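*Asks:* Input: one structure, supplied below.
Derivation of every value follows stated rules applied to the coordinates shown; laboratory data play no part. None of the values given here were measured: they were computed from a predicted structure. All Cβ positions, even for glycine, are placed from backbone atoms using ideal geometry, and neighbour counts span all protein chains on display.
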Amino acid sequence: MENVKVCLIIKNKNGDLLLQLRDEEPEIDKWVLFGGGVGPGETNEQALAREIKEELGFTISGVKFFGEYKDNGIKQMIYVLDEPAAEGDLVLAEGKAMKFFSLTDIEGSAIGFNFKQIIRDYFEEIEKIYSNFIMNNK
């Protein structure tokens, strides 16, 4: 059976992304997206909802699929939370810390796994959508 992880891109109203500081190997003391493994009989979306509830005490109401990646033989299914989240709505239950990062902050930080590339891809996609919106509304 293929090893599948689900991860959630959580943004605040400023467009900054929430990351978790890992407290275990692999990638201890590096910043990562929230999420985890898909259990037997779970859909990706069920696993994502479970992981976010366990890690942040937060019930997700809507997500969009962003993309599929692979890192060290692990299939990563990346989703984006529909609505911005406020730090006051989140309670860290796993990891050392959580923090909202801008793209500039991320570039200079120790980011785990292949998440720096995933985050870059996300910001590039947002830039394309914004540019298209501007072009179509002149």
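*Asks:* Viscosity 1.306 mPa s, temperature 10 °C: what is the translational diffusion coefficient of the chain from Stokes-Einstein with a Kirkwood Rh over Cα pairs, rounded to a whole number of µm²/s?
*Replies:* For these conditions, the coefficient is 103 µm²/s.
*Asks:* Still on this structure, please answer the following. What is the local net charge at residue 11, summed over the other residues whose Cβ is closer than 11 Å to its Cβ (Lys, Arg +1; Asp, Glu -1)?
*Replies:* -2
*Asks:* Quick check: Cα centre of segment 37-100 to Cα centre of segment 118-138, how many Å?
*Replies:* Spelled out, the Cα-based centre of one part sits 23 Å from the other.
*Asks:* Measure nothing fancy, just the Cα-based angle from helix 44-56's long axis to the longest principal axis of the chain, in degrees from 0 to 90, nearest 10.
*Replies:* 80 degrees
*Asks:* Let me ask something else. Once the piece of chain linking residue 129 and residue 89 is laid out straight, how much longer is it, given 0.36 nm per residue of separation minus the C-alpha distance between them?
*Replies:* 11.6 nm
*Asks:* Please list, ordered by chain and number, the residues whose modelled amide H lies under 5 Å from the amide H of residue 66; skip anything fewer than 5 residues away on the same chain.
*Replies:* Sorted by chain and number, the residues that satisfy this are 78, 79, 80.
*Asks:* Rounded to the nearest 5, what % of the DSSP beta bridges within the chain are antiparallel ones?
*Replies:* Working: 20 of 27 bridges.
Here the share of antiparallel DSSP bridges comes out near 75 percent.
*Asks:* A follow-up question, please. Take every Cα pair under 8 Å in the chain that's 6+ residues apart, average their separations, divide by the length, and report that relative contact order as a whole percent.
*Replies:* 31 percent
*Asks:* To continue, here is another question. Can you give the FRET efficiency for residue 110 and residue 138, using 1/(1 + (r/R0)^6), R0 = 41 Å, r = Cβ-Cβ distance, to the nearest 0.05?
*Replies:* FRET efficiency, residue 110 to residue 138: 0.50.
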